Ligand code: ADP
Ligand code: MG
């Protein structure tokens with residue numbers, strides 16, 4: 001539950017203690033944090049340049065550190081579900097960085113092992129104000145890893161925000177999100193869309209963001225009704241299919257757009273899709289049908305939220321889930337079971353899988369008075385052990401003052 005989520009202050013204290021322990025009593029001088037996120041609706045639409053409706057979470061990654069002499073960077077991470085500190089030493093390149101091409105083998109910031117450090121290498125590589133001084137950093141996170149709440153973007157964005165204090169860039173927030181997305185593409189090998197990084201940078205308290213992933217413009221959607229809560233249920237499963245299917249879905253969408261004759265599925269209507277139906281195999285047709293329908297649904301759903309029509313928003317959530325399950329085929333039994341269990345509770349208005357799929361989390365819109373009942377019911381009905389978080393819309397990345 002939200003009350004059990006560590007606050008930013010607690011994470012900063014933990015990171016500071018660890019930093020002193022590892023670096024001979026030295027106190028860190030600078031700190032930054034960035035949140036994970038949950039997507040309310042608009043799934044698998046970001047890389048099709050459509051709309052998404054995420055909010056930043058009170059789950060965050062914190063980075064504390066200080067400048068060090070020389071050109072070495074030492075980074076240590078600890079996270080909630082990987083409690084042993086993990087350390088990596090990196091050499092920062094001197095002149096003429098970053099190179100125009102991806103750092104090649106032998107280059108200090110080329111992707112390599114350990115894998116988690118690739119997120120850090122990638123962010124340093126794509127940072128927009130080189131050269132950086134040497135530094136030491138400790139990373140602590142309350143975002144569960146690999147649960148679909150974007151621990152990866154929160155790590156990238158928190159780390160970028162930390163680097164901005166070592167050497168300020170031009171402060172452009174959109175460019176910062178793109179640099180972090182690039183880090184994930186080139187170094188972690190994950191061809192993600194822009195949603196996670198953008199909302200981790202731009203998140204605002206008490207608001208979701210309707211993001212147009214083509215123009216990268218975002219509109220604030222207030223979420224201030226005390227009578228309603230978005231509840232996250234973590235299935236605590238992740239099927240190994242997740243990353244290969246993600247890449248496959250991207251390829252299927254590109255194929256669909258090409259056959260329909262549009263630059264992306266964002267530009268296609270249901271009428272365009274029906275007009276090309278004969279040239280599309282059944283699978284590709286269904287993938288495109290999900291994406292085109294989901295983009296339209298997301299815009300309408302954001303409107304419902306703005307109007308306070310929560311019944312309608314809840315209905316759109318369920319339609320989204322069914323479309324992801326039946327047309328896009330990225331759900332799994334655990335997510336379907338969590339959604340079905342939630343929908344049985346009086347006071348629940350809607351529920352759906354959120355994130356890439358094949359495990360991870362569901363998001364449920366529920367009346368505040370029914371929250372305890374909903375959690376109990378899901379716990380009773382779900383065969384595994386779920387974890388719950390109340391999704392309080394929170395602030396995006398920021399630098400922090402150390403005490
Ligand atoms: P999600 O972003 O949904 O949590 P991903 O698979 O995209 O799932 O990213 C999870 C990966 O990101 C982890 O396996 C790890 O490599 C890396 N990661 C994220 N946060 C941390 C952290 N605090 N410390 C070390 N690695 C991290
Ligand atoms: Mg991720």
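Bear in mind these aren't lab numbers, they're just calculated from the coordinates by the rules spelled out. Small disclaimer: the values here were computed from a predicted structure and weren't measured. Glycine gets a Cβ as well: all are built from the backbone with ideal geometry, and neighbour counts include every protein chain shown.
Laid out as a table, the results:
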{"quantity": "Percent antiparallel among DSSP beta bridges (both partners in the chain, rounded to 5)", "calculated": "90 percent"}
{"quantity": "Highest-fluctuation residue, 329, 21, 252 considered, GNM on the chain with Cα pairs under 10 Å", "calculated": "21"}
{"quantity": "Unit Cα scatterers, Debye sum, segment 330-374: log10 I(q)/I(0) for q = 0.14, 0.30, 0.34 Å⁻¹", "calculated": "-0.30, -1.01, -1.17"}
{"quantity": "Computed lengthening from residue 129 to residue 401, 0.36 nm per intervening residue step minus Cα-Cα distance", "calculated": "95.7 nm"}
{"quantity": "Gain in span if fully extended, residue 272 to residue 326, counting 0.36 nm per residue against the direct Cα distance", "calculated": "17.3 nm"}
{"quantity": "Protection proxy ranking of 146-158, 383-395 - average other beta-carbon atoms within 10 Å, highest first", "calculated": "146-158, 383-395"}
{"quantity": "Packing-based exposure ordering (other Cβ within 10 Å, fewest first) of 159, 230", "calculated": "230, 159"}
{"quantity": "GNM flexibility winner over the chain from 343, 317, 270 (Cα, springs under 10 Å)", "calculated": "270"}
{"quantity": "Shape parameters for the chain, alpha-carbon atoms, Rg then Dmax in Å", "calculated": "21.1, 69"}
{"quantity": "For 209, 280, order by how many other beta-carbon atoms lie within 10 Å, fewest first", "calculated": "280, 209"}
{"quantity": "Two-site label geometry, residue 26 and residue 219: point separation in nm, points 7 Å out along Cα→Cβ", "calculated": "4.9 nm"}
{"quantity": "For 374, 354, 224, order by how many other beta-carbon atoms lie within 10 Å, fewest first", "calculated": "224, 374, 354"}
{"quantity": "Burial ranking of peptide ranges 283-291, 24-32 (average Cβ count within 10 Å, highest at the top)", "calculated": "283-291, 24-32"}
{"quantity": "Average projected area [Cα convex hull, segment 141-257], square nanometres", "calculated": "9.6 nm²"}
